[in-house]
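Worksheet for the structure shown next.
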Amino acid sequence: MTAFEIVALVGAFAGFCMVLGGIWLLAKGVITLAATPKTDAITIEWRKQFRINSQVPGIAFFLIGLMFISVSLEFLKPPDVAPIEFEGQIKGNIDEQVSILVRPANWELPGDSTTGQISGKVYPDFSVLVLVINAPGYEPFTKPVKVNLEGQRIAKLGTVELRRKVKESDLQKQIVPIPFDAPIPSSAKDSKFGAPL
């Protein structure tokens with residue numbers, strides 16, 4: 001739990017205590033919800049935009065307590081996940097569908113080789129992502145990309161060129177049979193190698 005979360009939880013707890021304290025003070029008769037004269041009215045004003053005027057000062061305990069609770073809950077709300085945009089170009093004409101896999105850089109955990117116990121912490125870092133670009137008939141292309149995490153999250157790929165794999169049909173086109181009979185060595189003519197005994 002971070003310090004910010006602890007402060008927000010303490011604020012929510014303080015608001016909860018104010019509401020309970022207000023109820024307890026009402027039950028003891030220390031404060032009342034009876035209306036007071038206009039001269040004794042309580043006024044809360046914030047930047048000339050927000051103003052509360054009440055002739056029931058006891059209600060202030062509840063309002064301030066609820067304000068503490070609501071503000072703390074707003075701060076504890078998880079932030080929206082900002083998307084990461086990718087910009088780039090694949091060079092050349094690719095006939096097949098190109099698939100792009102985005103994964104984080106390797107996060108390693110230490111492992112004990114004697115007991116097999118795995119323990120450790122990973123602090124996710126999305127400032128460097130790894131792109132693996134695949135297309136049928138092409139060699140996989142892997143590229144680490146730095147992400148600009150300030151403001152707009154954009155990863156610029158630049159121009160990517162995929163290398164074509166060698167096809168079997170291309171190899172067969174390059175193999176040409178040689179039209180001649182290989183000479184038989186003179187020592188092999190007199191040998192009985194391969195002849196029945």
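The values are calculated or read from the model by the stated rules, or taken from the named source; none is laboratory data. The model shown is predicted, which means the values in this text are computed figures rather than measured ones. No Cβ is skipped: glycine too gets one built from the backbone with ideal geometry, and neighbour counts run over all protein chains shown. Just the protein is used for accessible areas: all its heavy atoms, side chains included, with ligands, DNA and RNA removed. Shrake-Rupley method; radii C 1.70, N 1.55, O 1.52, S 1.80 Å.
Close Cβ contacts (under 6 Å, 6 or more residues apart or on different chains) running from residues in region 57-84 that are of a type in the set (Ser, Thr, Tyr) to residues that are modelled with pLDDT of 75 or more and buried (at least 16 other Cβ atoms within 10 Å of the Cβ) comprise 72/8; 72/11; 72/12.
Scan region 70-100 residue by residue and report those that are within 30 Å of residue 15 (Cα to Cα), open to solvent by less than 100 Å² (accessible area, probe 1.4 Å) and hydrophobic (A, V, I, L, M, F, W, C).
The answer is 71, 76.
When region 25-69 is filtered for residues that are open to solvent by 60 Å² or more (accessible area, probe 1.4 Å) and on the phi > 0 side of the Ramachandran plot, the ones remaining, listed by number, are 47, 48.
Restricting region 101-124 to residues that are open to solvent by 80 Å² or more (accessible area, probe 1.4 Å) and among the charged types (D, E, K, R), the residue that is farthest from residue 155 (Cα to Cα) is 121. Within region 32-55, being within 17 Å of residue 67 (Cα to Cα), part of a loop (DSSP other than H, G, I, E, B) and either of a type in the set (Lys, Arg) or in contact with an Asp or Glu (Cβ under 6 Å, 6 or more places away or on another chain) (or both) holds for one residue alone: 47.
To keep it simple, each residue is scored yes or no on (1) touching a His at 6+ places or on another chain (Cβ under 7 Å); (2) at pLDDT below 75; (3) of a type in the set (A, V, I, L, M, F, W, C).
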| position | (1), (2), (3) |
| --- | --- |
| 5 | no, no, no |
| 9 | no, no, yes |
| 13 | no, no, yes |
| 20 | no, no, yes |
| 35 | no, yes, yes |
| 49 | no, no, no |
| 53 | no, yes, no |
| 65 | no, no, no |
| 68 | no, no, yes |
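Here region 138-148 is the region considered, the condition is being in contact (Cβ under 8 Å) with a residue 24 or more places away in the chain and open to solvent by 30 Å² or more (accessible area, probe 1.4 Å), and the residue that is farthest from residue 86 (Cα to Cα) is 139. Answer yes or no as to whether residue 116 is at pLDDT below 75, closer than 30 Å to residue 37 by Cα and of a type outside the set (Asp, Glu). Spelling it out, it is not the case that residue 116 is at pLDDT below 75, closer than 30 Å to residue 37 by Cα and of a type outside the set (Asp, Glu). Going by the structure shown, is residue 96 among the charged types (D, E, K, R) and under 25 Å from the mean Cα position of the chain (by Cα)? No; evaluated as a whole, the condition is false for this residue.
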